[in-house]
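Quick note: the coordinates plus some simple rules give every number you see, no bench work behind them. Keep in mind that this is a model prediction, so the values were computed, not measured. Backbone-built Cβ (ideal geometry, glycine too); neighbour counts: all protein chains shown.
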Amino acid sequence: VLYYPDADPLPRVSDEELVRLRGGVSIIKHMAHSPFFAFCRSRLGLHPFPAVQDGLSPIEQGDLAHDVLENIWTAIKSSQALHALSEEALDSIIQKAINVVSNELSPEQRYRLGEFQIELEKNRLMSLIQEWMALEKARNEPFQVESCESVLEMNIRGLNIKMRADRIDRIALQSGEHKRIIIDYKTSRHLSSTHWNPELLLEPQLPMYARSVVDKGEEVNGIAFGQVVAANSKFYLLSDWTTTLLNETKRKTSTNPWVGYFSGWQSAIDQLLDGFIQGDNTLYCHANAEWLFSDLVPLVRA
């Protein structure tokens, strides 16, 4: 862990600079991990050079998986429709979505990859999405997909933030109640629901989505990462009624942290952004996230 508290002060972010800033979620995430490196990324605009890549980068692969799932759920729309499909019919929908998305690869990507690698990637996606849809079939309660890729907006301390939620589900409980959760797909293996703790909000994205929806007067009862990775797909859930979408035996009510977390997110987000605007550049880097700033580490070598 890097920690040097006596950093030279920075000028406050001016109103003009605030209007020009982009990436509100990333600013707050970077501030939680390292104020100094947040300054480097968002105010100095320091980013790593693009790496030479054989095949698709992990980011490109993640984008393809996101787009395929959006295409599938736009067609299927609900768990009832999902369960009504035969295995062959579901595979056909998945394959069609993969074909649509792969046909939208840019000319540069197609030239760089070649048709053989594109076919390999389509096969990889087929296996990955089949595994993910099997997980969706195993969910406890019936659900309706209310929206895919819905645009969310908020303004915090004068910073306009535009976000896009991968998916919002409406879940029907046996009691007759309905619950709404926001799902964000992740193709990384480095996930933890403990990063939603407002005392150290290392993953502010879904809390910010939830705050944006509630600010519009709509209800949110939970947030979830959908970890879409080969042989280890799972949900990371925080909600006001259950700790899992898959296994009835793991439900909890008495120790559920949702209410405390939700009320704490607003102040945590505001404090992180206030620190950024005021020029906080404390040289601290959380131990689990030095990979976020590996290209910037040479700046702080003694």
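Points to keep in mind about this one:
- Put in line by how crowded their Cβ is, counting other Cβ atoms within 10 Å and starting with the fewest, Tyr185, Tyr111 read Tyr111, Tyr185.
- In the range 57-185, a dipole from Cβ-located charges (positive for Lys and Arg, negative for Asp and Glu) runs towards its positive end, and of Leu105, Asn160, Phe143 it is Asn160 whose Cα lies farthest in that direction.
- Per principal axis, descending, Cα span of the range 87-141 in whole Å: 44, 16, 16
- Taking other C-beta atoms within 10 angstrom as a stand-in for reagent exposure, Met133, Met163 fall in the order Met163, Met133, fewest first.
- Pairwise centroid distance, computed over Cα atoms, of the range 177-194 with the range 122-136, Å: 18
- Per-pair calculated FRET efficiency, R0 = 22 Å: Glu119 and Asp295 via Cβ, rounded to 0.05: 0.10
- Label positions at Ala230 and Ala81, each projected 7 Å from the Cα along the C-beta direction, are separated by 3.0 nm.
- Dividing the alpha-carbon radius of gyration of the range 81-179 by the rule-of-thumb value 2.2 N^0.38 Å gives 1.45.
- Its DSSP H runs of at least 4 residues, each contributing -39,500 (n - 2.57), put the calculated 222 nm mean residue ellipticity of the chain at -13500 deg cm²/dmol, to the nearest 500.
- Principal semi-axes in Å for the range 108-258 [√(5λ), Cα gyration tensor, largest first]: 28, 22, 15
- Most fluctuating residue given options Leu272, Leu105, Leu64, as computed from a GNM of the chain linking Cα atoms under 10 Å: Leu105
- Value of relative contact order over the chain, rounded to a whole percent, pairs C-alpha under 8 Å and six or more apart: 28
- Label-point separation in nm, His47 to Leu200, each point 7 Å along Cα→Cβ: 2.9
- Rounded to the nearest 20 debye, the dipole magnitude of the chain is 320 debye, with +1 charges on Lys and Arg beta carbons, -1 on Asp and Glu beta carbons, and the Cα centre as origin.
- Across all directions, the average projected area of the convex hull around the alpha carbons of the chain is 17.9 nm².
- Using R0 = 35 Å, the C-beta based FRET efficiency linking Ser192 and Ser92 works out to 0.45.
- Cβ-to-Cβ counts within 10 Å put Met126, Met31, Met208 in ascending order as Met126, Met208, Met31, the fewest first.
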